[in-house]
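Structure first, then comments.
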Amino acid sequence: MTSCWLNIDAGPRLQWKNEVENLFLQQSVQPNTLVTFLPFAVILVIFYFLLIRPGTQRQKKLQQMIDSLKVGDRVVTGSGIYGTITGLKNDRIQVRIAENVKIEMSKNAVTALQNPEEE
């Protein structure tokens, strides 16, 4: 003995639901792949111009300054030592930091040229 307290004929409702889904699927258009990836591309371009490009420009400017070092230039090293270049070799420089005190270091240790006003 089976008893069902609610007897609903799901046939017409199910058919209506399927028709609505089919209509929706026909009207919906898949987004273009270009439109999908466009925001990511814009973010990458922004990162390039705000972070990557300024860093590479700064690095190029520093390398140009290091390549143009000559005897007599007053320099500041990465460790904060001020001195005057007294000798140049391939990848090293000799810097006078006090009377009769000369140190030899890598050219890449130089971070800036000293301004003439800074004495």
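The values are calculated or read from the model by the stated rules, or taken from the named source; none is laboratory data. Computed from a prediction, not measured in an experiment: that's the story for all the values here. Because the Cβ atoms are built from the backbone with ideal geometry, glycine has one as well, and the counts that use them run over all protein chains shown.
Checking each residue in the stretch 31-62 for being within 13 Å of the chain's Cα centre (by Cα) and of a type in the set (A, V, I, L, M, F, W, C) picks out ILE43, LEU44, VAL45, ILE46, PHE47, PHE49, LEU50, LEU51, ILE52. Could you list all residues from the stretch 104-119 that are free of Cβ contacts under 8 Å to residues at least 40 places away in the same chain and surrounded by 14 or more Cβ atoms within 10 Å (Cβ to Cβ)? Across the stretch 104-119, the qualifying residues are MET105, ALA109. Does the stretch 57-77 contain any residue that is farther than 30 Å from GLN114 by Cβ and either of a type in the set (Lys, Arg) or at pLDDT 90 or above (or both)? So far as the stretch 57-77 goes, no, none of its residues is farther than 30 Å from GLN114 by Cβ and either of a type in the set (Lys, Arg) or at pLDDT 90 or above (or both). Tell me which residues, restricted to the stretch 45-70, are within 17 Å of SER106 (Cβ to Cβ) and either surrounded by 11 or more Cβ atoms within 10 Å (Cβ to Cβ) or aliphatic (A, V, I, L, M) (or both). Listed by number, the residues that qualify are LEU62, GLN63, MET65, ILE66, LEU69.
Restricting attention to the stretch 71-80 and to residues that are in a loop (DSSP other than H, G, I, E, B) and over 29 Å from the mean Cα position of the chain (by Cα), the residue that is nearest to VAL110 (Cα to Cα) turns out to be ASP73.
Within the stretch 32-41, how many residues turn out to be exposed (fewer than 10 other Cβ atoms within 10 Å of the Cβ) and part of a helix (DSSP H, G or I)?
5
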